[in-house]
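One structure, pasted below without further comment.
Any read-out appearing in this document is the output of simple, stated calculations on the displayed coordinates, not a laboratory observation. As the structure is a prediction and not an experimental result, all values here were calculated from the model. Here Cβ is always computed from backbone atoms with ideal geometry, including for glycine, and neighbour counts include all displayed protein chains.
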Amino acid sequence: MRQGGFVKIFGAGVFFLLLGSTVGSIGAPSKGNNFQPLGILNFEPQSHDFGNMISGEINSTVFEIWTSGGCCELTFNLTWNCTWVTVFPTSGVSNGEHVPITVTVSTIGLDNGFHSCDILITSNGGDGIFNVTLTVIHATHPVLAYNPQSYDFGMVPQDQTKTTSFDIWNGGNGTLNYTFSVDKNWVSVAPVTGSSGGEHDPIAVSIITNGLINHTEYYCEIQIQSNGGNNVFQVIVTIGTMPVFEIREIKGGLFNIKTVIANRGTADAADVTWQITIYGNGFVLRGKETTGTITTLPMGKEQTLSTGMILGFGDVTIMVIIYNHDAAPLMKKFSGRLVLFYIKI
């Protein structure tokens with residue numbers, strides 16, 4: 001009995017010693033390793049002041065995001081809580097190239113006075129904030145106002161007709177008189193003239209892709225002349241077909257994470273690479289990263305992806321990345337919690 005008891009105690013001691021050394025080696029960074037395993041977030045400028053703007057006015061600026069070091073590509077995501085601000089694109093990837101980010105502000109519905117908005121940049125190489133400010137002032141004369149300021153039809157096949165619209169109105173006092181002119185025969189506008197005392201007038205913009213060259217991007221600036229200022233409405237279209245990825249849902253549960261991706265583009269996707277990474281303040285004992293390749297994802301179809309076994313505890317971030325050589329990469333982040341072998345999202 002004594003010898004058996006000693007063996008049991010000795011075995012238990014070895015088990016806990018091994019467990020402690022394993023957790024320590026997984027949860028703690030190596031003291032002698034200063035290697036930067038991720039991209040390093042850089043962005044310039046870090047803010048923009050639009051100055052004085054009249055009620056109903058719209059304006060845009062551009063800043064750039066890139067990585068300046070590390071071993072790997074930088075993946076980033078942008079979020080904000082101001083309804084008068086729009087950002088495009090809201091996510092991206094950089095391997096050193098500068099990615100332009102367009103920030104558009106609209107004073108529609110804003111009270112007179114100063115307004116500020118922080119755009120949060122989160123990435124696998126650090127976080128940052130791009131700040132925009134403006135001051136709404138009162139106008140005593142007609143002011144040209146329209147929304148949106150541009151439209152990208154995306155990928156459109158040849159021999160197709162597509163239509164969009166934008167609103168134009170007087171953002172000041174009096175009556176705004178306006179006229180449109182177009183120098184591209186594949187774009188048309190209706191109506192071509194009008195006036196507004198403050199009401200929003202819808203303007204239809206149509207494109208016809210007959211005769212346009214495949215795999216080519218086209219631009220057209222619709223000139224707007226008015227007694228409240230001049231500006232342009234930009235139309236963009238790319239002729240051809242391409243896949244477009246979408247993450248439709250993500251679920252946790254016992255031992256693994258499952259996410260459903262879809263191809264909502266106009267072409268089948270081949271050799272689709274996907275990656276699910278778990279990181280953050282918690283400890284991930286197993287399953288930090290799962291990668292895979294989908295041979296074919298037909299347009300209009302979806303597929304469920306699943307990680308390997310996950311073990312850990314604490315609050316974590318779950319990052320899903322999807323890309324291939326024909327489509328823009330897609331990255332989304334989700335907050336989660338690990339409770340040993342259960343993952344809550």
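Using label points projected 7 Å from each Cα along Cα→Cβ, tell me how many nm separate THR163 and PHE283, to one decimal.
Computed distance between label sites THR163 and PHE283 equals 6.3 nm.
Around LEU311, with a cut-off of 12 angstrom between Cβ atoms, what is the net charge of the other residues, counting Lys and Arg +1 and Asp and Glu -1?
Details: positive: ARG286, LYS288; negative: none.
Its environment carries a net charge of +2.
Can you give the extra length, in nm with one decimal, that the chain gains between SER306 and ASP152 once fully stretched, where that is 0.36 nm per residue apart less the Cα-Cα distance? Before the final figure, lay out the partial values.
On the way: separation 154, 0.36 × 154 = 55.44 nm, distance 3.38 nm.
Here the answer is 52.1 nm.
What's the Kirkwood radius of segment 243-345 in Å, using all Cα pairs? Before the final figure, lay out the partial values.
On the way: mean 1/r = 0.0726 Å⁻¹.
Computed over segment 243-345, the radius equals 13.8 Å.
I'd like the per residue volume of the convex hull spanned by the Cα atoms of segment 73-216, given in cubic angstrom. Can you show the working numbers first?
On the way: hull volume 20.6 nm³, N = 144.
Convex hull volume per residue, Cα atoms: 143 Å³.
Sticking with this structure for a sec: Could you work out, for segment 41-137, what percent of all Cα-Cα pairs fall into each 5 Å distance bin, beginning at 0 Å and stopping at the bin that holds the largest distance?
3, 14, 25, 21, 15, 10, 7, 4, 1, 0
Where does segment 144-239 land on Rg(C-alpha)/(2.2 N^0.38 Å)? Please list the in-between numbers first.
Details: Rg = 14.1 Å, N = 96, 2.2 N^0.38 = 12.5 Å.
Taking the Cα Rg and dividing by 2.2 N^0.38 Å, one obtains 1.13.
Dividing the convex hull volume of the Cα atoms of segment 94-152 by its residue count, what figure in Å³ per residue is obtained?
Values: hull volume 7.6 nm³, N = 59.
Cα-based convex hull of segment 94-152, divided per residue, equals 129 Å³.
Based on the Cα coordinates of the chain, what is the per residue volume of their convex hull in Å³? Write down the numbers at each step before the final one.
On the way: hull volume 60.3 nm³, N = 345.
Measuring per residue, one finds 175 Å³ for the Cα hull of the chain.
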